[in-house]
Amino acid sequence: MIYAMSDIHGCLEAFNEALKTVDLSDGDSKLILLGDYCDRGPDSLGVFRKIMALQQAYPEQVIALRGNHEEMLLEYCDMVSDPDFVRGWILADTELATAKSFLGADAFKEVLHMLKLKRFEDAYRFTVSHMKTEHADVLSWIRGLPYYHETPTQVFVHAGIDEEAGDLWRIGTPIEFFTTMAPDYLGQHFDLDVIAGHIATEFVSGIPGYQGIYYDGASHYYIDGCAVKNGRVLVLQYNERTGEYSGATLE
Ligand SMILES: [Mn+2]
């Protein structure tokens with residue numbers, strides 16, 4: 001069995017609930033996570049550490065891809081010597097939810113105090129330096145995350161691939177497209193099934209309030225059920241023996 005989840009966004013409780021439906025005990029099943037582990041929700045650090053622990057427990061079976069929010073986190077950590085990027089940091093980390101999870105209560109209070117005094121650059125430098133010293137292992141793990149995972153019949157990716165490039169999609173897709181592109185090929189057939197997140201299925205389906213997995217009837221499965229809003233991380237299951245997909249609203 002292959003299990004796929006996407007866009008956990010700091011929702012550790014919802015992630016733990018979803019993991020109850022995942023069984024890796026056969027030594028062969030896989031869990032593929034499509035990125036966007038951080039930002040918006042309350043415990044980004046907890047989600048990162050949970051995934052790292054799962055990979056340690058099941059090294060060949062747990063695959064974590066990168067999303068645009070991991071890219072943004074690395075970017076603001078790398079740009080810390082550029083004070084102009086303070087705005088980039090505050091915009092990337094909505095309500096500083098990720099900073100709060102990495103810093104812990106006391107250090108985060110200090111950051112809020114600096115922000116209140118409009119010492120924005122100090123707050124930015126303090127936050128990144130804390131992340132780099134206390135959680136270097138998490139940052140270096142994020143740096144190593146791949147953009148996609150292939151099986152003989154599928155590609156798992158955060159946002160999508162350039163399908164017009166055909167067989168050459170691996171080199172034809174601009175690197176930032178893997179984590180940011182829009183669902184441009186909806187309803188079109190491709191040689192591989194494309195399993196992606198990034199955009200809530202409510203929007204990709206065009207059905208207001210929709211919370212399930214969205215299959216476009218061709219080659220695309222979208223699985224971002226918007227955990228922050230709906231309190232649930234969707235799980236797509238793929239049975240490699242029968243070639244059948246299942247999951248919320250696919251049955
Ligand atoms: Mn995303």
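Worth pointing out:
- Any chance Val47 is within 16 Å of the ligand (Cβ to nearest atom), outside any strand (DSSP E or B) and of a type in the set (Val, Ile, Thr): yes
- Test: residue in the stretch 82-91 that is under 15 Å from the mean Cα position of the chain (by Cα), part of a helix (DSSP H, G or I) and of a type outside the set (Asp, Glu): no
- Taken over the stretch 172-190, the criterion of being closer than 21 Å to Ile63 by Cβ and surrounded by fewer than 12 Cβ atoms within 10 Å (Cβ to Cβ) is satisfied by Ile175 alone.
- Helices (runs of 4 or more DSSP H) wholly inside the stretch 123-216 that include at least 1 residues being within 19 Å of Leu250 (Cα to Cα) and of a type in the set (Val, Ile, Thr): 201-205
- Filter result for the condition that a residue is buried (at least 17 other Cβ atoms within 10 Å of the Cβ), not in a helix (DSSP H, G or I) and not basic (Lys, Arg), over Leu31, Leu54: Leu31
- Total residues in the stretch 59-86, condition away from the ligand (no atom under 16 Å from the Cβ), touching a helix residue (DSSP H, G or I) at 6+ places or on another chain (Cβ under 6 Å) and touching a residue at least 60 places away in the same chain (Cβ under 8 Å): 1
- Residues that are in contact with a strand residue (DSSP E or B) (Cβ under 8 Å, 6 or more places away or on another chain) and touching a residue at least 12 places away in the same chain (Cβ under 8 Å) do not occur anywhere in the stretch 122-135.
- Check on Val204, within 14 Å of the ligand (Cβ to nearest atom), in contact with a Cys (Cβ under 9 Å, 6 or more places away or on another chain) and either in contact (Cβ under 8 Å) with a residue 60 or more places away in the chain or not basic (Lys, Arg) (or both): no
- Residue check: Phe178 meets all listed conditions (1) under 18 Å from Asn68 (Cα atoms); (2) in the same structural domain as Pro83 (by TED's automatic domain parsing) but one, namely (2).
- Gly27 being of a type in the set (Gly, Ala, Ser) and within 16 Å of the ligand (Cβ to nearest atom): no
The values are calculated or read from the model by the stated rules, or taken from the named source; none is laboratory data. Everything quoted here is computed from the prediction, not taken from an experiment. Every residue, glycine among them, receives a Cβ derived from its backbone with ideal geometry; neighbour counts consider all protein chains shown.
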